[in-house]
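Data block below; observations after.
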Amino acid sequence: MPDGYDFNRVIEIVERLLSGQDRVARQLALDKISKQRSEWEQWTRQFRVDDRELGLRSAADSVLTTLRDLAPAKHLRKNSCVWELARKNFLDVADTFQTWHTSRELKVERSHYPEYLVHLQKKLRSAATNAVAVVDEVEEFWDQKTGNEILEATPPGSKRVFVFKEARILERHFDHLLRHAEKYGTFVIAAREFYKAGAAHQVTGDFSIVTDEVTGDRVTASYDQSGRHIIFTSAEATLNRNGAAFASIIKRSHAVRPFPDDGAAYREQLISRTFSVENDGALHHSSVIPIELYDAFEEDHPFYRAMQDRMLKMLRERALGGAKQIEALEIGAGTGHFTKRLAQQRFSDVRLCAMEPDPRAVEFLIRKVSGLDLVTVMEADFLVVDPPGKYDFIFSAFAEHHIRPADKREYFRRVLDNLKPGGWFIVGDEFLRFHDASDLRAYAEAVRSYHNYIIELARDEHNWGVVRLEEAAMVSGLADESGRVDFKIDIERYRNDVSVNGLRVMECVPITPIDVAQSVGGIYVVAMQAIS
């Protein structure tokens, strides 16, 4: 009944056999048998079969068999040139495998790298690949049959960053990029940005990391300095270095959008975004605050999640008669924190259009909502481009304070134009304490008071990412027009702005404690409808 190797199973059987015996006698017998564990394990070790060892031995035997069959071949022995080439080839093979004993590395000719990678991805039960490919530099096979074979073998959970030195190379490979993006996470980056990101990790060329998601085993591959060989290694230090490099590189990369509606226009947009130092002439949120920092830490803001919860509660309370389908628009979706939560509401199907003008933020936004079929992402400025249709709900989460005072009339007009009759405009945002907005000193003191309050809360929690975010936001709020994307006001002024622009406040809930919100500033969630 036991499998022959697991001593615990033997003990289970013995316990069953002794179940009717005296308790003391049974325990004495179990103690005596338990003492035999080490002897049992040593005895059974000779019968154990390691499938991996068997596989290696089988492969080694096939090599030895082939060599033995070749040794008597006359054409090898009679032709000195052929004989010398064969001998050198055999010695090279032996040298390659000798490295596994000393450095845990396998070195193969670069031309064989794709077939090794394909083999690895096909043979593992569940594999994920994170890779960087410098196109037409070392890896010139992506638009050939080999590239297609890699595409077919790459599992859906993988990510690959394609590096391009010139726009014309990206343009030539554009159709292939779309095919890859349909199956797994595909990104592009300009060579200069790739070298900047990799330099901090001493990574300057192509590499890949393959993970067996069943066992957790990993291996990484990269080209040697000559570029003539690829080296596979399981060394933990190299795996960690390449993993950190990949994380840095992908942050600077641009996600390739699968199934674009207008391929030609999207191609030009992707090329422009990849090779432009600045994405466009506009001043975006990412121009002032590093988008990676914002995406990583914004949800750690002391009151941000509570604000999201209240906004979603308002949605549930106001869902139109339990309608199965709700049309929603999010203005200034940023990197998609609220977008993802909104789209995942299960009480009703929310068909969501998420608008965001900052191209860098859109890349993060697309990644967050990937796989959510009812979400449409629009890279567009709500003040310039009208979204399609009318909406039951319009949301704005931490986006209102980025609207310039001169744009507010047009902004609220567009909100009204895009709301269905009886629709709701729900806003969650940061507001300063009451102050005289015409007094620049009073405004500056209100900005510092609010941000310093959040900074102190973050410091108490040792959340230095939020501290950096708030410090950058405070600098932006105090900057002149050339570097300012933050235009916070107090809640009373905001209520007045919406009322004179055709909206009525139906509910206004402080998320920050009310005494703090009045004395320092804080977060409010406001629900509005059009004035009938």
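Structure summary
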{"read-out": "Residue that is farthest from Ser253 (Cα to Cα), among those in the stretch 195-205 that are crowded, with 19+ Cβ neighbours inside 10 Å and either of a type in the set (A, V, I, L, M) or modelled with pLDDT of 85 or more (or both)", "value": "Val203"}
{"read-out": "Selection status of Arg341, assigned to a helix (DSSP H, G or I) and at pLDDT 90 or above", "value": "yes"}
{"read-out": "Considering residues of the stretch 175-194 that are among the aromatic types (Phe, Trp, Tyr) and surrounded by 21 or more Cβ atoms within 10 Å (Cβ to Cβ) only, the residue nearest to Ala245 (Cα to Cα)", "value": "Phe194"}
{"read-out": "Some residue of the stretch 152-169 being within 26 Å of Thr211 (Cβ to Cβ) and in a helix (DSSP H, G or I)", "value": "yes"}
{"read-out": "Residue identified as touching a Lys or Arg at 6+ places or on another chain (Cβ under 6 Å) and not small (Gly, Ala, Ser) among Leu374, Leu352", "value": "Leu374"}
{"read-out": "Single unsatisfied condition, Phe232 versus (1) over 30 Å from Leu106 (Cβ atoms); (2) part of a strand (DSSP E or B)", "value": "(1)"}
{"read-out": "Residues of the stretch 462-474 that turn out to be farther than 17 Å from Phe431 by Cβ and without any contact (Cβ under 8 Å) to a residue 60 or more places away in the chain, as a count", "value": "4"}
{"read-out": "The stretch 511-532: number of residues that are assigned to a loop (DSSP other than H, G, I, E, B), surrounded by fewer than 18 Cβ atoms within 10 Å (Cβ to Cβ) and hydrophobic (A, V, I, L, M, F, W, C)", "value": "1"}
{"read-out": "Any hit, the stretch 120-128, residues being at pLDDT 85 or above and either crowded, with 19+ Cβ neighbours inside 10 Å or within 26 Å of the chain's Cα centre (by Cα) (or both)", "value": "yes"}
{"read-out": "Only listed residue being closer than 19 Å to Ile291 by Cα, crowded, with 16+ Cβ neighbours inside 10 Å and touching a residue at least 24 places away in the same chain (Cβ under 8 Å), chosen from Leu352, Leu365, Leu342", "value": "Leu365"}
{"read-out": "Candidates Ala444, Ala399, Ala437 - the one that is modelled with pLDDT under 90 and of a type outside the set (S, T, N, Q)", "value": "Ala437"}
{"read-out": "Residue match in the stretch 508-523 (condition: touching a Leu at 6+ places or on another chain (Cβ under 7 Å) and under 20 Å from Asp436 (Cα atoms))", "value": "yes"}
{"read-out": "Residue check for Leu239: more than 30 Å from Leu372 (Cβ to Cβ), modelled with pLDDT of 80 or more, part of a helix (DSSP H, G or I) and not assigned by TED's automatic domain parsing to the domain that holds His402", "value": "yes"}
{"read-out": "Any pair with Cβ under 7 angstrom, 6 or more apart, that starts in the stretch 494-510 at a residue that is assigned to a helix (DSSP H, G or I) and ends at one that is at pLDDT 95 or above and buried (at least 18 other Cβ atoms within 10 Å of the Cβ)", "value": "Tyr494/Phe431; Val498/Phe412; Val498/Met528"}
{"read-out": "Among the residues listed as Arg257, Arg252, the single one being in contact with a helix residue (DSSP H, G or I) (Cβ under 7 Å, 6 or more places away or on another chain), under 15 Å from Phe194 (Cβ atoms), surrounded by 17 or more Cβ atoms within 10 Å (Cβ to Cβ) and of a type in the set (Lys, Arg)", "value": "Arg252"}
{"read-out": "Test: Ala472 is under 35 Å from the mean Cα position of the chain (by Cα) and either surrounded by 16 or more Cβ atoms within 10 Å (Cβ to Cβ) or more than 22 Å from Arg305 (Cα to Cα) (or both)", "value": "yes"}
{"read-out": "Entirely in the stretch 1-78, the helices (runs of 4 or more DSSP H) that have 2 or more residues that are modelled with pLDDT under 85", "value": "7-17, 37-45, 51-70, 74-78"}
{"read-out": "Inter-residue pairs, beta-carbon under 8 Å, first closer than 19 Å to Thr335 by Cβ and in the stretch 243-259, second basic (Lys, Arg), 6+ apart", "value": "Ile250/Lys159; Arg252/Lys196; His254/Arg273; Ala255/Arg367"}
{"read-out": "Number of the condition not met by Val466 [criteria: (1) in the same structural domain as Trp424 (by TED's automatic domain parsing); (2) at pLDDT below 95; (3) closer than 15 Å to Met307 by Cβ]", "value": "(1)"}
{"read-out": "Meets criteria (more than 23 Å from Gln529 (Cα to Cα), outside the structural domain of Cys508 (by TED's automatic domain parsing) and touching a Phe, Trp or Tyr at 6+ places or on another chain (Cβ under 7 Å)) for Gly477", "value": "no"}
{"read-out": "Candidate set from the stretch 344-367 (those that are within 22 Å of Gln325 (Cβ to Cβ) and touching a Ser or Thr at 6+ places or on another chain (Cβ under 9 Å)); member that is modelled with the lowest pLDDT", "value": "Arg351"}
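Each row is one residue, and each column tells you yes or no for (1) under 30 Å from Asp417 (Cα atoms); (2) modelled with pLDDT of 95 or more; (3) out of contact with any helix residue (DSSP H, G or I) (no Cβ under 7 Å at 6 or more places or on another chain).
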position: Leu457; (1), (2), (3): no, no, yes
position: Glu470; (1), (2), (3): no, no, no
position: Gly477; (1), (2), (3): yes, no, no
position: Asp490; (1), (2), (3): yes, yes, yes
position: Val505; (1), (2), (3): yes, yes, no
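Rundown of residues vs (1) assigned by TED's automatic domain parsing to the domain that holds Ala128; (2) on the phi > 0 side of the Ramachandran plot; (3) out of contact with any Lys or Arg (no Cβ under 9 Å at 6 or more places or on another chain); (4) surrounded by fewer than 21 Cβ atoms within 10 Å (Cβ to Cβ), yes/no style:
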position	(1), (2), (3), (4)
Ala167	yes, no, yes, yes
Phe207	yes, no, yes, no
Thr215	yes, no, no, yes
Asp224	yes, no, no, yes
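The values are calculated or read from the model by the stated rules, or taken from the named source; none is laboratory data. The model shown is predicted, which means the values in this text are computed figures rather than measured ones. A quick note on method: Cβ atoms are made from the backbone with ideal geometry, for glycine too, and the neighbour counts reach across all protein chains shown.
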